[in-house]
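Shown next, in structure tokens, is the structure this report addresses.
Please treat every number below as a calculation from the coordinates, not as lab data. Quick caveat, the model's predicted, so the values are computed rather than measured. Here Cβ is always computed from backbone atoms with ideal geometry, including for glycine, and neighbour counts include all displayed protein chains.
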Amino acid sequence: MLSTLRHPVFFRLFAAQVVALFGTGLLTIALALLAYDMAGARAGTVLGTALTIKMVAYVGLSPVMAAALVAVPRKVVLIGADLTRAAVALALPFVDAVWQVYGLIFVLQFASATFTPAFQATIPDVLRDETDYTNALSLSRLAYDLENLLSPAIAGLLLLVMSYNLLFVGTVAGFLLSAALILGAAVPARVAPSKERPFRQRLLRGGAIYLSTPRLRGLLALNMAVAAVVAFVLVDTVVLVRGRFGGGEGGVALAMAAFGAGSMAAALALPGVLKRVADRTVMLAGGAGLALGGLGYAALLGGGGQGWAALLAVWAGLGLCNSAVMTPAGRLLRRSAHAEDRPALFTAQFALSHACWLVAYPLAGWLGPWLGLPATLALLASLAAAAVLLARRVWPAGQSPFIAHEHPDLPADHPHLRAHGGGRRHSHRIVIDDDHRSWPVQP
């Protein structure tokens with residue numbers, strides 16, 4: 001896996017991702033402390049609202065920015081987003097009203113909603129080999145998990161010798177270093193579109209390709225399965241550990257570390273596994289594991305089970321299953337569009353997956369006090385199970401990648417027909433594009 005880091009452009013981009021992630025991790029800690037200073041007991045409300053703003057920005061703004069910036073060079077988009085995030089982090093220590101926090105968080109997430117899909121769509125053009133790209137996806141997953149594990153620890157050590165306001169300086173440094181690394185990288189240019197499209201078509205194109213492709217409809221259902229169960233882990237672990245088990249902050253950190261360790265273990269194993277096992281099999285197994293693990297632990301909680309060992313084992317298993325679903329997702333996106341449409345497709349995945357989180361987060365947060373933790377987890381895990389069954393249905397197994405189909409609407413001298421022998425009926429790998437506006441129905 002580490003051999004992929006020998007690619008000079010990918011190494012710089014991956015390093016940029018890592019430093020930006022650690023900057024974001026420091027920002028999360030500093031923002032929580034800032035919210036407490038400003039709102040006291042209402043800090044949870046402030047942070048919850050900030051999280052909602054983040055999800056709304058991700059869902060609503062990422063397709064708009066992708067369509068609006070289609071003619072802007074990738075490097076300019078990525079560096080501009082990093083500099084915007086750095087400016088916001090620099091301004092946050094100086095705010096003196098909650099509404100100012102909300103405004104700056106909106107700008108920050110607006111920049112992130114621009115940066116992340118553009119970054120993700122760049123990597124397939126940098127690493128054209130399937131094995132290298134799979135390794136890159138696993139490395140990216142590891143980077144996210146390591147940030148979740150290490151950022152709180154690093155922030156804790158820094159807070160021993162400095163004010164939390166100085167954590168914002170670390171965030172600024174992370175985004176500026178990310179911008180510098182991207183500036184020095186030979187970022188490949190966007191593939192020129194085959195034709196100019198009006199803004200509305202550019203805005204909707206990624207979603208149209210996504211929802212017309214069976215494997216991506218399956219991915220969307222699996223996104224919902226992941227969001228349903230992992231939202232419980234992220235939102236309710238602190239309630240479970242401190243309220244149900246009587247543990248302290250260290251117990252919360254240990255439970256989240258178990259989840260991260262499971263995710264990292266899967267990320268390390270997946271490059272080898274995916275050489276032998278189909279993406280669909282791995283991802284459906286991961287989704288089923290999330291649903292069954294959630295249902296099983298809900299039953300254990302409902303029966304009075306309070307063992308630490310069980311909690312850590314289940315959380316590690318859920319982390320592993322989460323990574324089994326999410327790590328291969330980029331492979332599906334890569335093979336589901338031409339290079340010119342990949343940015344729009346990655347943006348659609350970014351927006352639609354976060355729409356699932358926008359549903360799951362409130363359910364995990366609001367149902368807990370009302371129904372209790374066991375019933376809440378059972379309900380969310382049941383939602384995940386339904387989503388996995390839907391994914392299995394809309395993403396059929398055993399389909400040949402070469403699908404026979406006809407083009408009765410194309411003229412006889414059309415370039416697409418000439419490229420495939422001149423006949424209106426032919427067989428090849430299908431992606432949704434101007435010549436294939438819907439998925440062929442197989443007999």
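Among LEU159, LEU389, LEU177, the largest mean-square fluctuation in a Gaussian network model of the chain, built with springs joining Cα atoms closer than 10 Å, belongs to LEU159. Counting only DSSP H runs of at least 4 residues, each contributing -39500 (n - 2.57), and dividing by the residue count of the chain, the helix-based mean residue ellipticity at 222 nm comes to -25500 deg cm²/dmol. What the pair-distance distribution of the chain shows, using all Cα-Cα distances binned every 20 Å from zero, is 23, 58, 17, 1 percent. Spin-label model, GLN100 to ARG128: label points 7 Å out along the Cα-to-beta-carbon direction sit 5.1 nm apart. For segment 200-399, the Kirkwood hydrodynamic radius comes to 17.3 Å, computed from all pairs of different C-alpha atoms. In this Cβ point-charge picture (+1 for Lys and Arg, -1 for Asp and Glu), segment 57-141 has a dipole of about 120 debye about its Cα centre. Over segment 89-173, the fraction of Cα-Cα pairs per 10 Å bin, rounded to whole percents and listed from the shortest bin up, is 14, 30, 34, 17, 5, 0. Counting only Cβ charges, +1 for Lys and Arg and -1 for Asp and Glu, the dipole size of the chain around its Cα centre is about 840 debye. Largest GNM mean-square fluctuation across GLY398, GLY365, GLY80, computed for the chain with C-alpha springs under 10 Å, falls on GLY398. Angle, helix 279-302 long axis vs. longest principal axis of the chain, Cα atoms, 0 to 90°, nearest 10? Taking Cα atoms only, the helix is inclined about 30 degrees. Looking at segment 63-167, the trypsin sites (Lys or Arg not before Pro) that sit in a DSSP loop and have at most 15 other Cβ atoms within 10 Å of their own Cβ are ARG128. Over all pairs of different C-alpha atoms, segment 401-443 has a mean inverse distance whose reciprocal, the Kirkwood radius, equals 10.7 Å. Residues considered: GLY23, GLY423, GLY174. Largest GNM mean-square fluctuation over the chain, using C-alpha springs under 10 Å, is found at GLY423.
With R₀ set to 41 Å, the beta-carbon distance separating VAL107 from LEU5 gives a calculated FRET efficiency near 0.80.
How much of the calculated P(r) for segment 355-443 lies past 23 Å, in percent of all Cα pairs? Tail fraction, whole percent: 51. Scaling the Cα radius of gyration of segment 222-307 by the globular reference 2.2 N^0.38 Å produces a ratio of 1.24.
Neighbours of VAL431, meaning other residues whose beta-carbon lies under 13 angstrom from its beta-carbon, give a summed charge of +2 when Lys and Arg score +1 and Asp and Glu score -1. Placing unit charges on the Cβ atoms only, positive for Lys and Arg and negative for Asp and Glu, gives segment 401-443 a dipole magnitude near 180 debye about its Cα centre. Candidates ALA412, TRP439, HIS426 compared by Cα position along the dipole of segment 401-443: farthest toward the positive end lies HIS426, with charges placed on Cβ.
Relative to the longest principal axis of the Cα atoms of the chain, the long axis of helix 167-183 lies at roughly 20 degrees. Comparing ASN135, PRO214, LEU159 along the charge dipole axis of segment 88-236, the residue lying farthest to the positive side is PRO214, per the Cβ-charge model.
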